[in-house]
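Read the structure below first, then the notes.
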Amino acid sequence: MERVKTELSLLTGEPAGELLTAVVGQAGGTLLDWAATQVDHQPRGRTTVGYTARVRWGDGTETGETFGACSGPLPEGVVRLSDGVTDIGVWRFPFDPELPALRTAFDPVGMRRLVENAGLRCDGEVHLRVRSYRPRRRAVIEVTTPDQRRVFVKVVRPSRARDLHERHRLAASAAVPQSLGWTDDGLVLLAGLPGRTLRQELLSEDVVTLDAESVVSALDSLPPELATGPRRRTWGQKAGHYAEVIAAAAPEFAGRARAVARAVGHDRPQGPDVPVHGDLYENQLMVRDGRVTGLLDIDGAGRGERLDDAGCLLGHLAVLAQLRPLREKSILDVGATLEKRFTVDLDREVLALRAAAVVLSLATGPHRVQEADWRHQTGRRLALAERLLDEKSFTRNGVAVSSSA
């Protein structure tokens, strides 16, 4: 545990600034300010941290930069630094050592060439926007062509690109983006889908109407071939891991986190095997006119339980309502509508357990993204998981239960 504390403090505390100062200095710049924005800590494993920084270069220009750093076994291609006890590897975006294709994905010239090779005409420069970046794990770059067509470039580890492409081809008849091709170094090009994400709808509209049946239909459209591999561990079975992540970052919450993990844990299936999305939440659902038009990010699709997809969506909505109190009612109303449809086929109490397990996993988020008041927010999410356990339902007597705490 002491080693874990040392690594976390080294990568997120004052010493991290010294590390970044050294790396920026080697490149000819001066570090003006910095902040840790993501912390991916794996108990008994390595820790990876993402940073944003402002740098002044030798010619006087100032730029915003993104960096990554990690402890544990260090990959090739990083700047290696040490405090005399712990070795740290540092890199500058887009030169992620385990995402070599990120350099191409962040290069407008290279991306225009790839888009054209995929069969899309592109008369002029393309516009790139980083939609997400998890150091050493994945990134998504949105490419907009001059005629406003969108292509989403998913950057993954090279060993995963072909499999992800094949998953999209296998699910071509389902409501998922079409794969336009892949590269050996880890790029997968995905066509855009119509509509907006459910999250965009929930955060921009006062009243959101969602056809819950269309959510179930989209999940039903996932092909049986996706369910032929090993059975996915459920959110309940993974709860112990997330409890330990919380315990390492905030020992004062260890008892509560472990108690939730025990309450939601199980050692045998609680539902039949079906194809599952694997990480279904409001940002993964594309909607138009109240109906689902597609499912995004099927990287983790496989064999599992519908309880997991349903519980994941409800758990995320409960946390989103807590984060956005001005939209709480409309978010919880959508959750109540979904629970009513899900429980036609699923046990309400078991579904609530699965949603609580998901909220426990999300309680690791405030520390991971280094929110200023992350300890307070971690406690609020643990309280939300405990409330779901107490109520044994997303709703009480058909009315959505407030997520405020």
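Rule-based calculations on the coordinates, nothing more; no lab input. This one's a predicted model, so the numbers in the text were calculated from it and none came from an experiment. Here the Cβ positions follow ideal geometry from the backbone for every residue, glycine too, while neighbour counts run over all protein chains shown.
Quick look at the values:
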read-out: Cβ crowding within 10 Å averaged over residues, with 115-127, 339-351, 132-144 ranked highest first; value: 132-144, 339-351, 115-127
read-out: Length-normalised contact order for region 229-299 - Cα pairs under 8 Å, 6+ apart - percent; value: 23 percent
read-out: Diffusion coefficient, µm² s⁻¹, Stokes-Einstein with Kirkwood Rh over alpha-carbon pairs of region 102-191 at 10 °C and 1.306 mPa s; value: 121 µm²/s
read-out: Along each principal axis, Cα extent of region 303-397, largest first, Å; value: 41, 32, 23
read-out: Cross-link table Lys238/Lys392; Lys154/Lys329; Lys154/Lys340, entries beyond 31 Å C-alpha to C-alpha; value: Lys154/Lys329; Lys154/Lys340
read-out: Inter-centroid distance (Cα atoms) of region 318-340 relative to region 213-268, Å; value: 21 Å
read-out: Summed residue charge, Cβ within 12 Å of Gln284's Cβ, Lys/Arg positive, Asp/Glu negative; value: -4
read-out: Volume per residue of the C-alpha convex hull in region 196-400, rounded to whole Å³; value: 114 Å³
read-out: Kyte-Doolittle mean at least 0.5 and Cα axial length at least 20 Å: DSSP H helices in the chain; value: 306-323, 348-362
read-out: Relative compactness, the chain, computed as alpha-carbon Rg over 2.2 N^0.38 Å; value: 1.01
